[in-house]
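Asks: Submitted below is the structure of interest, expressed as structure tokens.
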Amino acid sequence: MVSITTNELLGAIRKAQRSVKDPGGFTTITEMQDASGMCRTSIARHLRVFKQTGRLECQRVPREGLDGRHTVVPAYRVIKGSKGK
């Protein structure tokens, strides 16, 4: 398993946000994976840390599947930490 740093994940999230252009800045784990080439497990592990520190927002967003159907899936947005963190 390849280890990633928090900064690498944040870079992947920014890259995914630019490619998806979600109005709220939310991206799915699949979109982060596609934009970065990182594995889902590593991305999810880092997102859990952001959630534990109160820096992760989750929202269900509409996305189109490979079959053309629209569905609502979980997506995430990392928010900046408070001053001093």
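The values are calculated or read from the model by the stated rules, or taken from the named source; none is laboratory data. What you see is a predicted model, and the numbers here were worked out from it, not measured in a lab. Glycine also receives a Cβ, built like all others from the backbone with ideal geometry; neighbour counts cover every protein chain displayed.
Asks: Those residues that are closer than 13 Å to L10 by Cα, out of contact with any Gly (no Cβ under 6 Å at 6 or more places or on another chain) and either of a type in the set (D, E, K, R) or part of a strand (DSSP E or B) (or both), I need them from the range 65-85; list them, please.
Replies: Passing the criteria: Y76, V78, K80.
Asks: Give just the number: which of (1) within 12 Å of the chain's Cα centre (by Cα); (2) surrounded by 12 or more Cβ atoms within 10 Å (Cβ to Cβ) does R48 not satisfy?
Replies: (2)
Asks: Of everything in the range 51-80 that's under 16 Å from the mean Cα position of the chain (by Cα) and among the small types (G, A, S), which residue is modelled with the lowest pLDDT?
Replies: Of the range 51-80, the ones under 16 Å from the mean Cα position of the chain (by Cα) are 51-63, 72-80.
From the residues that got through so far, the ones that are among the small types (G, A, S) too are 54, 75.
On the way: G54: 92, A75: 95.
Only one residue fits best here, namely G54.
Asks: Which residue is farthest from I79 (Cα to Cα), if the candidates are limited to the range 25-64 and must be in contact with a strand residue (DSSP E or B) (Cβ under 7 Å, 6 or more places away or on another chain) and assigned to a loop (DSSP other than H, G, I, E, B)?
Replies: T28
Asks: Among the residues of the range 33-73, what is the count of those that are touching a residue at least 40 places away in the same chain (Cβ under 8 Å) and closer than 16 Å to T5 by Cα?
Replies: Selection size over the range 33-73: 4.
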